[in-house]
Structure formats: structure tokens, C-alpha cells
Amino acid sequence: MAIIRKRFGNRVYLYEVVCKRVNGKPRIVSQRYLGKPEDVLGLPKKEAKASSARIYDFGAVTALLNIAKDLKIIEIIDEVARKRKQGLSVGEYMLLAAINRAVTPRSKRQLWDWYRQTVLWRFLGYKRRHLTSQRFWDNMGLLTSRKIRMIESRLNEILIKEFQINLSCLIYDTTNFYTFINTLTSSRLPQRGHNKQKRNDLRQVGLALMVTRDFHIPLFHQVYEGNKVDVTQFPSVIQELVRRYKVLAKDCEDITLVFDKGNNSKDNQSAFDESPYHFVGSLVINHHKDLLKIPRYRFQVVDEEEFPGLLAYRTKKEVFGNERTVVLTFNPKLYEGQLRGVLWALKKKGKSLEKLKRKRKASVAELEGEVKRIVSGQYIKEIIKWEVKEGKRGISFRWWIDKKALARIKREKLGKKILFTDNDDWTTEAIVSAYHGQYKIEHAFRQMKDPYFVSWHPMFHWTDQKIMVHAFYCVMALLLVSLLTKRVNESGIKMSCERLLTTLNVIKEVEIIYPEGKAGVRSEYVLTELSEEENKLYTRLDLKRYSIKR
């Protein structure tokens with residue numbers, strides 16, 4: 001009996017053999033495999049050195065994928081937008097676009113490169129040929145506005161049933177997004193109008209959005225022409241909201257919609273009164289001067305803990321033909337901010353007027369035109385007084401601050417808002433609290449204009465249908481992120497959506513690659529070291545299910 005070595009390729013193995021003489025010559029008559037020398041002899045193993053490593057995005061994409069599975073996004077979209085079984089489904093394309101918009105917004109051409117740098121390639125198994133721009137556009141073309149409304153309505157049913165969202169108070173508002181679509185492109189949606197990002201030189205697209213008060217979860221959206229103002233868009237929104245009410249009211253009989261004063265008109269209010277919704281809105285303070293003259297001592301403290309320093313005066317008043325509960329509020333913080341803005345504007349306008357005094361103008365009309373342009377702006381033309389005269393010595397121009405007008409504006413207008421509602425049985429605190437939820441939708445709009453997370457830009461579409469689908473998966477991205485934020489906060493970790501995505505994006509998966517055999521490789525997968533906060537999220541969101549078991 002003996003132990004011999006055998007070499008196979010670059011490896012050496014030990015065998016136990018029995019030798020006997022056969023026909024006078026030594027022959028191996030039996031052998032038994034023992035293993036590698038280091039295993040048999042107990043020698044220290046020579047560790048293989050890694051040749052390279054790849055890093056993949058893990059935390060944010062898996063957390064959002066988990067939410068999407070619970071929401072059944074792919075199944076719902078595929079049920080509504082059916083296609084023959086060829087390549088990826090419409091739902092798979094839309095979900096991938098939504099996750100990309102949520103974490104790292106990219107154009108369709110860059111989508112494959114982004115996808116391959118995430119762990120999604122291990123779970124989804126999409127090929128490069130699936131993620132070309134053309135394949136995306138082909139599948140986007142299968143979605144119509146009617147199908148998108150159906151999808152959104154079915155998603156609402158899941159939200160109500162599975163995520164227990166609070167529907168008692170919903171918030172509606174509008175915004176717009178500038179585009180780089182050529183003026184000669186024949187599209188209906190992109191139009192020039194008053195852009196909220198000051199890009200009036202570009203065509204823009206309008207977006208109406210209704211979200212929940214908690215975590216700004218989107219329940220309804222509508223894309224409209226960029227030259228439409230809020231007050232003219234609201235009637236078409238009311239019609240769709242009435243149709244949507246049947247779904248929303250299954251678990252909540254009384255739904256109150258909060259909207260801003262930009263949607264106010266007598267016709268709009270009449271149409272809304274005929275709908276099943278209650279409302280809380282705001283009014284233009286200059287249209288109700290009788291309320292502005294009410295002295296401050298008649299105001300009462302609202303809720304010192306929730307609204308420090310906020311005062312309110314409650315009354316009844318006829319608004320748009322109906323008697324409503326009206327609440328006039330005074331906010332010291334708002335007052336201070338508005339006063340700083342007015343004083344800064346007066347200083348800036350004063351410098352411009354002084355420069356104008358030193359300029360020689362050809363006519364009185366020209367000088368008056370320049371002055372009117374300078375003193376334009378809220379409250380400014382009430383405070384700055386001016387006079388232009390033409391005499392024997394030429395044109396004279398002087399200006400001054402009307403201190404009485406400034407004092408009156410400070411006393412009557414600054415820091416004030418006027419709210420009105422048909423919820424006559426609500427407390428003043430409840431009315432104020434509902435309207436203060438308006439900042440939730442403003443936060444959602446700011447998020448969609450953020451270049452890093454849940455972003456509308458970049459948008460490289462120019463036809464109305466493609467723009468409509470682009471808006472759809474951008475709103476879906478907001479939906480996924482809002483639900484993820486809700487789940488994390490309800491688990492006991494208080495975080496904003498921006499901080500949550502930033503923290504999750506830090507969690508990476510590392511593929512360590514070892515050379516093995518004849519030009520072969522072996523991979524091991526590990527996560528980057530987690531901080532205490534990252535580990536809490538990893539555990540609470542159960543992301544371990546997406547890690548490769550070692």
C-alpha cells in the first residue's frame with residue numbers, strides 16, 4: 001500500500017493505491033481518492049487572490065422592487081395593456097423606467113448601462129436587446145390615456161386594500177415642466193406659458209396631481225397643455241375626480257379635497273358643489289378687504305403646539321354665491337418672511353429708480369413706461385409713488401416711499417391667508433391643519449424637479465402620446481418612493497424620502513472574482529459594510545431575501 005500524487009491541470013491530488021506483481025511486473029490493482037494534499041496532511045490552504053471586483057447598486061433598487069411586487073404593478077399594467085408574448089411585457093418596461101426615475105434618472109439609451117450596474121440583472125434577467133430605445137418606444141406606444149386611467153384606478157384599489165392609506169383629506173395642485181421641444185414640432189401638450197421655473201422661453205407641459213396628506217402618495221394625475229392656467233384646467237379634473245370617487249369612497253365616505261386659490265372661479269365652485277367631495281380652499285386676500293380690516297385682538301390662538309404663534313379669526317361669509325365657513329389666519333413667520341421680501345424689493349427698486357433719474361429720456365411717455373416697469377410687483381406699486389413732469393427746463397422725475405401705504409400693508413395684508421370650506425362642523429384647528437397639508441404636494445413637485453431622485457428630467461420625447469406615458473412612469477416613481485417612505489416611517493425609522501433614498505443608495509453589493517482552472521472564474525458576493533442606520537433599513541425592509549446566500 002502506498003500514497004501517490006496525480007496531477008490534473010494545475011491541481012495535485014493524493015490517492016491511496018495497492019500494488020501487486022502481475023506476471024512478474026508491479027501493477028496498481030486498486031486505488032482510493034484521498035483529496036488535496038493540504039486537506040489530507042492538514043497543511044494551511046493557499047488562499048486564492050481575487051483578480052477583480054464589480055460593484056452593483058443594491059439597497060434602493062431592491063427596496064423599490066419589493067414595493068412594486070406588493071403593489072402588483074407589472075400584473076396590473078399587463079392586464080390592461082395586453083400584447084403578444086414577445087420580449088418583455090409593457091408592465092416590465094414601465095416598472096424598470098419608474099425605478100430608474102426614482103434612483104438614477106437616465107435616458108432610454110443609457111438604461112442598459114444603468115441596469116447592468118444594479119443587482120436587478122440577477123433577478124430580472126433582461127438582455128441588452130430588450131433595453132434598446134426602440135423597444136421602449138414600441139411598448140410605450142401601447143399605452144393610451146384611457147388605459148393609464150384604468151391602471152391608476154386599479155392601483156388605487158390595491159393602495160386602499162393593502163397599504164391602508166388615509167383618504168379623508170386629499171390635496172390637489174398643478175405645476176409645469178419646461179421642455180426643449182422645437183417650436184415647429186406639431187405637439188399639442190408642449191406650449192409656451194408662465195413657467196414656474198422661470199423658463200418662459202421654452203415650451204412646457206402641465207401636470208395636475210392629487211396626493212394623500214400623509215407621505216404625498218399620488219392617487220391621480222393628468223397631463224395638460226402648457227398654456228392652460230389652473231382655473232381653466234380644473235373643470236376637466238373635477239369630472240375625472242367624480243368618476244374616481246367610486247373607488248376612493250369604498251373605505252372613506254367623506255373625502256375632503258384641498259386646493260389652492262389658483263383654481264377659484266364661480267363656475268368651478270358650482271361644479272365642485274355638485275360633486276361628492278368636500279373642500280378646503282384659499283381666497284385672494286385683496287378680494288376680501290372687509291376681513292383684512294379685522295383688528296388683531298379679535299384673533300384667537302389655534303394650536304400652540306402644532307402651529308406656534310398662529311392666530312385665526314373664524315366667521316361666515318358668502319363666497320361664490322354660497323355661505324361658507326371662512327377662517328382668516330395670521331402667521332408671524334409668514335409675516336416676517338413677506339416683510340423681508342417687500343423691504344428687499346423696495347431697496348432694489350429704489351436703486352433702479354435712482355439710476356433712471358440720471359438718464360436722459362426722449363419723452364415723458366418713455367420715462368413713464370420705464371418707471372411703471374420698475375415699480376411693478378406685489379405691493380410695490382402701492383408703496384412707491386412717483387411723478388414725471390415736463391417743464392421749461394425739461395423733464396423732471398421724482399419718487400418717494402408712501403409710509404402710510406407701507407404701514408397699512410404691514411397691518412392688513414402681510415402674514416395673512418383666507419381659508420374657506422363647506423365643512424362647517426370642522427374645528428378651526430382641523431381646517432387650518434388640512435390646508436397646511438398643501439406643502440405635501442409642493443414637496444412632491446419639488447421632488448419631481450430634483451435632478452437626482454424621482455426626476456421628470458431628462459425627457460427626450462416630443463409626441464403627445466410619449467409625453468403622456470413619460471408622465472405616467474414619473475408619477476409611478478413618486479408612488480413607489482412615497483410608499484417606501486411610508487413603510488419605513490411606520491416601522492419606527494423617521495426619515496424623509498430624500499434621506500431614505502440617499503441612505504439606501506449607499507448599500508452596494510460587491511462581486512469578488514477569483515481566477516479558477518483553465519481561464520475560468522469563480523465569484524463571491526458580499527455587501528459593503530453597513531452603518532447602524534443602513535443595517536436598520538436592511539433589516540426592517542427584509543432586503544436579505546435579495547442577497548446571495550453564502
Just grab the label-to-label distance for S275 and R116, each label 7 Å out from Cα along the Cβ direction, in nm (one decimal). 4.8 nm
With the dipole of the chain worked out from charges on the C-beta (+1 for Lys and Arg, -1 for Asp and Glu) around the Cα centre, which of F460, H436, G206 lies farthest toward the positive end? F460
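Just to confirm the filter: which trypsin sites (Lys or Arg not before Pro) across the range 96-157 are DSSP coil and have at most 12 other Cβ within 10 angstrom of their Cβ? Kindly include the intermediate steps, with their values, before the conclusion.
Working: sites: R101, R106, K108, R109, R116, R122, K127, R128, R129, R135, R146, K147, R149, R154; in loops: R106, K127.
Hits after loop and neighbour filter: K127.
Relative contact order for the chain using alpha-carbon pairs under 8 Å, separation at least 6, rounded to a whole percent? Walk me through the numbers before you get to the answer.
Details: 800 pairs, mean separation 104.6, N = 550.
Relative CO of the chain lands at 19 percent.
Taking R0 as 56 Å, what FRET efficiency do you get between D267 and S523 from their Cβ-Cβ distance, rounded to the nearest 0.05? Please report the intermediate quantities before stating the final value.
Details: r = 66 Å, r/R0 = 1.17.
The computed FRET efficiency comes out at 0.30.
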Which links in K486/K536; K385/K410; K198/K416 stretch past 21 Å when you go from one Cα to the other? K198/K416
Report the full-extension gain for the segment R340 to K198: residue separation times 0.36 nm, less the Cα-Cα distance, to one decimal in nm. 48.9 nm
Any idea what the dipole of the chain comes to, in debye rounded to 20, about its Cα centre with Lys/Arg Cβ at +1 and Asp/Glu Cβ at -1? 3000 debye
Expected vector for the range 131-148, Karplus 3J(HN,Hα) from phi with 6.51, -1.76, 1.60 and θ = phi - 60°, integer Hz, x for Gly and Pro, equals 10, 8, 4, 5, 5, 5, 4, 4, 6, 4, x, 8, 9, 10, 5, 5, 5, 5
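Tell me the net charge near K508. Cut-off is 11 Å between Cβ atoms, K508 excluded, with +1 for each Lys or Arg and -1 for each Asp or Glu. Can you show the working numbers first?
Details: positive: R54; negative: D57, E509, E511, E529, E534.
Every neighbour counted, the sum reads -4.
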Please work out how much length the chain gains when fully extended from E79 to R408, using 0.36 nm per residue of separation minus the C-alpha to C-alpha distance, in nm with one decimal. 112.3 nm
Could you work out how far apart the two model spin labels at H457 and E442 are, taking each label as a point 7 Å from the Cα in the direction of the beta carbon, and quote it in nm? 2.1 nm
Of all DSSP beta bridges located in the range 334-412, what percent are antiparallel, nearest 5? 100 percent
Take the Cβ-Cβ distance between L142 and E323 as r, set R0 to 45 Å, and report the resulting FRET efficiency rounded to the nearest 0.05. 0.35
Quick one: which residues, 5 or more positions from N195 or on another chain, have an amide H under 5 Å from its amide H? H modelled 1.01 Å from N in the peptide plane, none for Pro or chain starts. N200
Points 7 angstrom from Cα along the Cβ direction at A2 and N286: gap in nanometres? 10.8 nm
Give, in nm to one decimal, the length gained when the segment between S30 and K392 is fully stretched (0.36 nm per residue of separation minus the Cα-Cα distance). 117.3 nm
Along the range 261-268, what does the Karplus equation 6.51 cos²θ - 1.76 cosθ + 1.60 (θ = phi - 60°) give for ³J(HN,Hα), rounded to whole Hz, x for Gly and Pro? 5, x, 9, 6, 6, 5, 5, 4
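Bear in mind that the values in this text are calculations on the coordinates, not laboratory data. Values in this document were obtained by computation on a predicted structure and should not be read as measured data. Reconstructed Cβ throughout: ideal geometry from the backbone, glycine too, with neighbour counts over all protein chains shown.
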